[in-house]
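Take a look at the structure below.
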Amino acid sequence: MRLTHTERNHLRTLLARYLSDEQVQQMRQYTQHGAVSTYDHCANVARVSYWANRRLKLGADEQALVTGALLHDFYLYDWHRKGDGSHRLHGFRHAARACENARKQFRIGLREQEIIRTHMWPLTLRAVPTSREACIVCAADKYCSLMETLFRRTGGAPICA
C-alpha cells in the first residue's frame, strides 16, 4: 500500500496541525503492538485509511478520515503496564478515553469523535461505526493491528506504510 509523493505530501498537509502537537508526539513513547509505538500505529492507520479511500474511491471526507485515524488511540498511557489497575479492560475502554483527550486537546467535530469512539467494533458491541469514515478507520485499524502484531515483533520498516 504505497502512496505517491503527492499523496504523502497531501496527507502531511491534512495532518500538520496534529503532527506538530506535543501530546501527539508523546504517543511515540508508548508501545502499541510488538515493536510499534502508538504514534506509528496511528500513523499507519491514517495512511491505510487514506490509501483505501483514494484507491477504492470510497468518497469519505479526507480531513475527518485522517484526523480520526491519527487520533483513534490518543489515550496517552502504556496499556501494557499493570500499575494501579486503571488500564484494566483497555480494549473496551480506551476508545472513550482517546475521544475525550482528542475532543479536549483539539476540539474535534462529531464525525471525528465517532471515528475514535467506534474504532474497536465489534469488540465494543454498542459502539458501532455508522459513517463511511468510521467504517474505513475501523477496518484499517484491524488490518494494521494484525500486520504489526504478526510481522513487527522487533524493529524494522513500517509495514502498513
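The values are calculated or read from the model by the stated rules, or taken from the named source; none is laboratory data. None of the values given here were measured: they were computed from a predicted structure. Cβ atoms come from the backbone with ideal geometry, glycine included; neighbour counts cover every protein chain shown. Surface areas here come from the heavy atoms of the whole protein model, side chains and all, with no ligands, DNA or RNA. Shrake-Rupley method; radii C 1.70, N 1.55, O 1.52, S 1.80 Å.
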Residue within region 48-55 that is at pLDDT 95 or above, part of a loop (DSSP other than H, G, I, E, B) and of a type outside the set (Gly, Ala, Ser) present: no
Residue selected from region 34-81 under the condition at positive phi and among the small types (Gly, Ala, Ser), by the criterion least open to solvent (accessible area, probe 1.4 Å): Gly34
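Go over the candidates Leu14, Leu3 one by one and state the one that is in a helix (DSSP H, G or I), buried (at least 16 other Cβ atoms within 10 Å of the Cβ) and touching a residue at least 40 places away in the same chain (Cβ under 8 Å).
Of the residues listed, the single one that is in a helix (DSSP H, G or I), buried (at least 16 other Cβ atoms within 10 Å of the Cβ) and touching a residue at least 40 places away in the same chain (Cβ under 8 Å) is Leu14.
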Checking Gln25 against (1) open to solvent by less than 20 Å² (accessible area, probe 1.4 Å); (2) in contact with a Phe, Trp or Tyr (Cβ under 9 Å, 6 or more places away or on another chain), the condition it does not meet: (1)
Region 97-152 - residue that is among the hydroxyl-bearing types (Ser, Thr, Tyr) and closer than 22 Å to Leu15 by Cα and, of those, most open to solvent (accessible area, probe 1.4 Å): Tyr143
